[in-house]
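Written below as structure tokens is the structure these notes are about.
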Amino acid sequence: MGPSRIESRQGYVDTHGAIIYYVTIGTGPPLVLLHGGPGSTHDYFLPYLLPLARNHQLVLIDERGCGRSQRLEDLAQYNLAGMAKDIEAVRVALGLGKVDLLGHSFGGILAQAVATQHPAGIRRLILASTGSSATRVNADFERIKGSLDEELRKQIVALEARGIIGADGAQLAEYRKLAEQAEAPYNYLIRQPAWDSARSPMGWDVLNQMWGAKSDFHIDGNLVGFDFTEALRKLSIPALIIYGDHDMVSDATAQESQAALAGSALVKIPRSAHMTLVDQNAAFIDAVTRFLEQ
């Protein structure tokens, strides 16, 4: 088979809540990709998810307040309900019809908000390295924090007691360094990609408002107490829950999502952490492709 061209385009959608940047790659059934954070960008999906563009139209967005999308003056507008409306507005504005929806990490929490608020627009749902309740997510981070070397944990706790946010609204560099040291074994099992060292822009207002501004290891922002388990039980959307065997996400957290989504599939990828799509790219692409083509 000879070479074939894969088309890409970019643009903006005014959702009337925020102006949202999007990129599409490929043609075929649309697969909408929701990035983590909260406050990150779509950039970390690429180039790792490009193989999916051979048979699907990938739709990548920067969530409100993130990347190239609009920053909002009213920080209270950084919330799940508003973000879910943005995703639905992008789907409608681009004329995508029913879409497959993949959310990774926080993007998986957002994907659940979209699926429960706008189920008619979703064909299949993929929850990657995420949780369905704040209770389970907090338990996973408590497990991580509790497993740390005592000296590292003491340093983190001491900084949290004093306050971790600087005058610029970002986490203090000292705290960020310690948090990343603590979380590193759960993010990448094999090798952190070189581009991570360049640092994608971070939407600190989004992170502080939604996750919280007191600790990297506990939700105290407006995600506090979120719980989709009962709402998920009402869905009839085919779903895949996928995570790594060295993930931040525990077996109990993944199993909670599976139990709430009737008939859903559960895939645990060996030798991979939170960034399973990087650690075991071929296995991740294969699991997603098999699910989408059922």
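The values are calculated or read from the model by the stated rules, or taken from the named source; none is laboratory data. This one's a predicted model, so the numbers in the text were calculated from it and none came from an experiment. Positions of Cβ are generated from backbone atoms using ideal geometry, with glycine treated the same way; all protein chains shown enter the neighbour counts.
Name the residues in segment 231-289 that are surrounded by fewer than 18 Cβ atoms within 10 Å (Cβ to Cβ) and of a type in the set (Asp, Glu), would you? Passing the criteria: Asp245, Asp251, Asp286. Scan segment 144-164 for residues that are surrounded by 15 or more Cβ atoms within 10 Å (Cβ to Cβ) and either within 23 Å of Asp247 (Cβ to Cβ) or among the aliphatic types (A, V, I, L, M) (or both) and the total you get is 7. Counting only strands (runs of 3 or more DSSP E) that sit wholly inside segment 12-72, those with at least 2 residues that are free of Cβ contacts under 8 Å to residues at least 60 places away in the same chain are 19-25, 57-61. Just one of the numbered conditions (1) out of contact with any helix residue (DSSP H, G or I) (no Cβ under 7 Å at 6 or more places or on another chain); (2) without any contact (Cβ under 8 Å) to a residue 60 or more places away in the chain; (3) within 18 Å of Ala115 (Cβ to Cβ); (4) not hydrophobic (A, V, I, L, M, F, W, C) is not true of Glu88: (1). Do we find a residue being buried (at least 18 other Cβ atoms within 10 Å of the Cβ) and under 27 Å from Asp140 (Cα atoms) anywhere in segment 65-76? There is at least one residue in segment 65-76 that is buried (at least 18 other Cβ atoms within 10 Å of the Cβ) and under 27 Å from Asp140 (Cα atoms). Asp100 fulfils the conditions (1) in a loop (DSSP other than H, G, I, E, B); (2) touching a Lys or Arg at 6+ places or on another chain (Cβ under 7 Å) except for a single criterion, (1). Of all the listed residues (Glu151, Glu256), the sole one being of a type in the set (Asp, Glu) and free of Cβ contacts under 8 Å to residues at least 60 places away in the same chain is Glu151. The condition (being surrounded by fewer than 23 Cβ atoms within 10 Å (Cβ to Cβ), among the β-branched types (Val, Ile, Thr) and either under 15 Å from the mean Cα position of the chain (by Cα) or under 26 Å from His274 (Cβ atoms) (or both)) is satisfied by just one residue among Val32, Val90, Val13, Val59: Val90. Could you say whether any residue in segment 130-142 is in contact with a helix residue (DSSP H, G or I) (Cβ under 7 Å, 6 or more places away or on another chain), aromatic (Phe, Trp, Tyr) and modelled with pLDDT of 95 or more? No, that holds for no residue. Out of Gly225, Gly221, Gly212, Gly244, one residue alone is without any contact (Cβ under 8 Å) to a residue 24 or more places away in the chain and in contact with a helix residue (DSSP H, G or I) (Cβ under 7 Å, 6 or more places away or on another chain). It is Gly221. Considering segment 181-294, the qualifying helices (runs of 4 or more DSSP H), each wholly inside and each with 2 or more residues that are over 26 Å from Leu80 (Cβ atoms) and among the small types (Gly, Ala, Ser), run over 281-292.
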